[in-house]
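Accompanying notes for the structure given below.
Every read-out reported here was derived from the displayed coordinates using simple, explicitly stated rules and does not represent laboratory data. Remember, it's a predicted structure, so these values are computed and weren't measured experimentally. Here the Cβ positions follow ideal geometry from the backbone for every residue, glycine too, while neighbour counts run over all protein chains shown.
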Amino acid sequence: MLSPNADSIRLFLHVLAASVWVGGQIVLGGLVPKLRQVAPESLKVAANAFARIAWPAFAVVVVTGMWSILDIKVGDMSTEYQITMFVHVLLAMAAAMFVVIHSIGQTKLALALGGALGLLTSLGAMFVGILLQTGR
């Protein structure tokens, strides 16, 4: 069996945290319509409970992502890799921005667009992150 090292631990933490962030959005998105029907007052409670898990997970994504970037040797990055990395970081930043809009939104439009675009950009960041790992 291969031995774990700092790279494998960092990647594990990054993927685990990204899975919590993205997967949680998918699960919560699936629960919201039913919660709205059965117990509309529970929506805020569920959202707040998710936020207590999701935002720390996002912080782990950011920290492990910066750690990964700092660990790349400059000569190892092709132009394509650099562009892909830029898109990955841009999508992650956009995801955070849209989720914040969703979190503080007061209108149905802000809630809907923030949530939908937050999930789409989160999924995009996850996919592009996989491209980065497979393209090395």
As straight-line cross-link partners of residue 44, the qualifying lysines (C-alpha separation under 23 Å, not fewer than 8 residues apart within one chain) are 34, 108
Whole Å is fine, so just give me how far the alpha carbon centre of the range 99-121 lies from that of the range 1-66. 16 Å
What residues have an amide H closer than 5 Å to that of residue 72, excluding those fewer than 5 places away on the same chain, when H is modeled at 1.01 Å from N in the peptide plane? none
Which whole-Hz ³J(HN,Hα) couplings does the range 29-46 yield from phi under the Karplus relation 6.51 cos²θ - 1.76 cosθ + 1.60, θ = phi - 60°, glycine and proline marked x? x, x, 7, 4, x, 5, 4, 4, 6, 7, 8, x, 5, 7, 4, 5, 4, 5
Neighbour net charge for residue 43 - beta-carbon separation under 12 angstrom, K R +1, D E -1: +2
What are the ³J(HN,Hα) couplings of the range 125-133, residue after residue, when phi is run through the Karplus curve with 6.51, -1.76, 1.60 and θ = phi - 60°? Round to Hz, x for glycine and proline. 4, 5, 5, 5, x, 5, 4, 4, 6
Have a look at the range 4-117 and give its Rg and Dmax from the Cα atoms, expressed in angstrom. 16.9, 57
What translational diffusion coefficient, in µm²/s and rounded to a whole number, does the Stokes-Einstein relation yield for the range 57-103 at 20 °C and a viscosity of 1.002 mPa s, taking the hydrodynamic radius as the Kirkwood radius over Cα pairs? 181 µm²/s
